[in-house]
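The values are calculated or read from the model by the stated rules, or taken from the named source; none is laboratory data. Values in this document were obtained by computation on a predicted structure and should not be read as measured data. Every residue, glycine as well, gets a Cβ built from its backbone with ideal geometry; the counts of neighbours run over all protein chains shown. Calculation scope for accessible area: heavy atoms of the full protein, side chains included, ligands and nucleic acids excluded. Shrake-Rupley method; radii C 1.70, N 1.55, O 1.52, S 1.80 Å.
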Amino acid sequence: MKTEAALLVQTGRPLVLAEIEIPALKPGQVLVEIAYSGACGTQVMEWRGDKGEDKWVPHCLGHEGTGTVLETGSAVTKVKAGDKVVLSWIKGNGIEAGGAVYEWDGKKVNAGGVTTFQRHAVVSENRLTLLPAGLPMDVAVLLGCAAPTGMGAIYNVLKVQPGDAVAVFGTGGIGLNALMAAALAGAMPVIGIDPNPTRRALAKIYGASHVIDASEADVLAEIKKIVPQGIDIAVESSGLPAVMDQAINATRQQGGRAVVIGNAKQGAMLSLNPAVFNQGKSLLGTWGGDSVPDRDYGRYGRLLASGRFPVRDLLSKPYRLANADQALQDLATGKVGRPLIDMSLR
Ligand SMILES: [Zn+2]
């Protein structure tokens, strides 16, 4: 069986829409008909080659989506044909079956344990979670990456309490999910910081009590005006070392905590005044918001489905698979918050 995929053949060049041959399923692999794919900064970085030389080209792309299970390889017990599922790069229960290898014009096409810029994908069992009840398939792509990372940073890593003063540096898809999670936890104030006016406007809709224009203001001084002693919690999702430095410096002495989520370019270095550690501040990292899909996606799904925030508007107007490049371009320029690719559009 063949399917259509938007492949990365050469970094920095347009994606190639290709007919690829789907291999026979190995134990632990699942064939999924993709309904929707999201896209995030990781794919933009892969596409541009920001992470250095790409040894895997040509390869499939995308690590967040939703779909329907068509067929399961031997030993798969978590899902069955007909199940609606969330595809996520974060590993959950089930078999780690490794990446699939497709074929295109006699050439090998690599793929990770999950890829989503394609109409059908061979996915490792442990990257699938059953679709939470009540959550539409389009909105549910947020569960593949942005929601577990952003909400998980707030609930699992930082364990935000009511009344905590929170600032989110970078209000793209992950940052907006962190803002929503902080607001739902009763954080106050909730400050969204971004140079992009579209993303600042979104921050206000998704839980920010205050926003700061990072391109104009002295961000630390502006935060001090709102919270003179410094914030309790900072979430960094820009990927810029200078912003990581700002995030830790914006926190209060004796207990302020900052978590870095942003993905920095290859070769970037973070330079920091080590006095922040003597002041009792902590700088933390996280792998996908420390989220455990089988434990957390149901509750994140309930928050997204609750109607407290207009979460469908987090996603762009749907792109066709053939326009996946445009989706990445529009994400890179900040024209859209979170691109949505709808496989039913031809
Ligand atoms: Zn992602």
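The table below gives the values:
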read-out	value
Note, ³J(HN,Hα) from phi for region 333-343, Karplus 6.51, -1.76, 1.60, rounded to Hz, x at Gly and Pro	8, x, 5, 10, x, 9, x, 10, 10, 9, 6
Leading residue at positive end of dipole, region 105-238 (Cβ point charges), from Ile205, Ala221, Cys145	Cys145
Over the chain: helical MRE at 222 nm, DSSP H runs n ≥ 4 each giving -39500 (n - 2.57), nearest 500	-6500 deg cm²/dmol
Average accessible area per residue (Å²) across region 146-288 - probe 1.4 Å, nucleic acids and ligands excluded	41
Rounded to the nearest 10 Å², the accessible area of Lys335 at probe 1.4 Å	140
Whole-Hz ³J(HN,Hα) from phi, Karplus 6.51 cos²θ - 1.76 cosθ + 1.60, for region 261-270, glycine and proline x	10, x, 9, 7, 5, 3, x, 5, 10, 9
Gaussian network model of the chain, springs between alpha carbon atoms under 10 Å - residue of Thr251, Thr115, Thr11 with greatest fluctuation	Thr11
Helix runs (DSSP H) in the chain reaching 15 Å along axis by Cα, Kyte-Doolittle at least -1.0	173-184
Net charge dipole size for region 146-288 [Lys, Arg +1 and Asp, Glu -1 on Cβ; Debye, nearest 20]	180
Within the chain, longest stretch free of exposed chymotrypsin sites (Phe, Trp or Tyr not before Pro) [DSSP loop, at most 16 other beta carbons within 10 Å]	57-286
Under 12 Å, Cβ to Cβ, from Ala24 - net charge with Lys/Arg +1 and Asp/Glu -1	-2
The chain - charge dipole about Cα centre, Lys and Arg +1 at Cβ, Asp and Glu -1, debye rounded to 20	460
Phi to ³J(HN,Hα) by Karplus 6.51 cos²θ - 1.76 cosθ + 1.60 over region 94-102, Hz, x for Gly, Pro	x, 6, 8, 9, x, x, 8, 10, 9
Gaussian network model of the chain, Cα within-10 Å springs - most flexible of Ala39, Ala75, Ala264	Ala75
Neighbour net charge for Asn263 - beta-carbon separation under 9 angstrom, K R +1, D E -1	+1
Local net charge near Pro197, Cβ-Cβ under 13 Å (Lys/Arg +1, Asp/Glu -1)	+1
Max mean-square fluctuation residue, GNM over the chain, Cα-Cα springs under 10 Å, options Glu53, Glu71, Glu33	Glu53
Percent accessible area from carbon and sulfur atoms, the chain, protein chains only, probe 1.4 Å	52
Fraction in percent of alpha-carbon pairs per bin - 20 Å, the chain	32, 55, 12, 0
Amide proton proximity set for Ile22, modelled H, under 5 Å, gap of 5+	Lys2, Thr3
